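One structure is given below, encoded as C-alpha cells.
The values are calculated or read from the model by the stated rules, or taken from the named source; none is laboratory data. Because the structure is a prediction, the values reported are computed rather than measured. Here the Cβ positions follow ideal geometry from the backbone for every residue, glycine too, while neighbour counts run over all protein chains shown. Accessible surface is based on the protein model in full, side chains and every heavy atom, while ligands, DNA and RNA are left aside. Shrake-Rupley method; radii C 1.70, N 1.55, O 1.52, S 1.80 Å.
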Amino acid sequence: MSRYITISLDKRGVSCRAVLLDEQAPRTCEAVWRALPQGDQAYHAKYARNEVYTLVAPFADPEPGRENPTVTPIPGDVMYFAFEPWEIGNPAYGYDAESEAHSAAGATDLAIFYDRNNLLINGDAGWVPGNVFATIVEGLDDMAAAAQDLWLRGVEGETLSFRHAD
C-alpha cells in the first residue's frame with residue numbers, strides 16, 4: 001500500500017500531496033515517515049534553481065546513505081539531504097544564526113523541486129547529490145506558483161512543512 005505525505009507552504013496556504021517511493025528509497029522513506037511532522041523556515045534555492053527547502057535537526061538514526069540519488073531533480077521530486085556542519089554553516093549562505101544550518105549536529109534538508117532545469121551543484125562544495133524519496137502527485141501547479149512567489153517576494157515568515165497525508 002502506498003504512503004502519502006502532505007507538503008505545505010503554510011503562510012501562503014498552499015499544499016501538495018506526494019507519494020513515498022518506498023521501493024526506490026526504503027531507508028530514506030522510513031526515516032522521514034517516522035520523523036513526521038517536520039518543518040521550519042522555508043528557503044528558495046540560490047544554486048539549484050527551482051527548489052524550495054527547509055532545514056531541520058537531523059532525525060535519521062542511522063542516516064540512510066545514498067538511495068535513489070540525483071543531481072538533476074525534475075519537477076515534483078521531493079528530496080532528502082544530510083549535511084555535516086562544515087558543509088552548510090557558511091555565513092555567506094545567509095542563514096539566521098538560530099537556523100539549523102549553524103547547528104553543531106549539522107542539518108537535514110527536505111526539499112521540493114517545482115520546475116525543470118535543476119542542477120545540484122554548489123560553488124563551494126561541488127556536486128550535492130540527494131535522495132529522491134517522494135514524488136508530488138497532486139497540487140504541483142499551485143505549489144509551483146507559490147514557490148515562484150517566494151522567489152519574487154521573499155521567504156520571510158514562510159514555513160515549509162511535511163506531514164502524513166490525511
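What the table shows:
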{"quantity": "Every pair of residues 6+ apart whose Cβ atoms lie under 6 Å, when the first sits in the stretch 34-49 and is among the basic types (K, R) while the second is open to solvent by less than 100 Å² (accessible area, probe 1.4 Å)", "calculated": "R49/N118"}
{"quantity": "Unmet requirement for E67, which otherwise passes all of (1) more than 13 Å from G130 (Cβ to Cβ); (2) charged (D, E, K, R); (3) in contact with a Cys (Cβ under 9 Å, 6 or more places away or on another chain)", "calculated": "(1)"}
{"quantity": "Output for the stretch 104-141, where each listed residue is at pLDDT below 95 and part of a strand (DSSP E or B)", "calculated": "A107, I121, N122, G126, W127"}
{"quantity": "Wholly within the stretch 1-87, strands (runs of 3 or more DSSP E) carrying at least 1 residues that are open to solvent by 50 Å² or more (accessible area, probe 1.4 Å) and either in contact with a helix residue (DSSP H, G or I) (Cβ under 6 Å, 6 or more places away or on another chain) or within 14 Å of F113 (Cα to Cα) (or both)", "calculated": "14-20"}
{"quantity": "Selected residue (criterion: modelled with the lowest pLDDT) from residues of the stretch 88-98 that are assigned to a loop (DSSP other than H, G, I, E, B) and buried (at least 18 other Cβ atoms within 10 Å of the Cβ)", "calculated": "G89"}
{"quantity": "Single match in A144, A101 (criterion: touching a Pro at 6+ places or on another chain (Cβ under 8 Å), part of a helix (DSSP H, G or I) and either surrounded by 12 or more Cβ atoms within 10 Å (Cβ to Cβ) or not aromatic (F, W, Y) (or both))", "calculated": "A144"}
{"quantity": "Where A125 falls short, out of the listed (1) in contact (Cβ under 8 Å) with a residue 40 or more places away in the chain; (2) open to solvent by less than 70 Å² (accessible area, probe 1.4 Å); (3) within 12 Å of Y47 (Cβ to Cβ); (4) small (G, A, S)", "calculated": "(1)"}
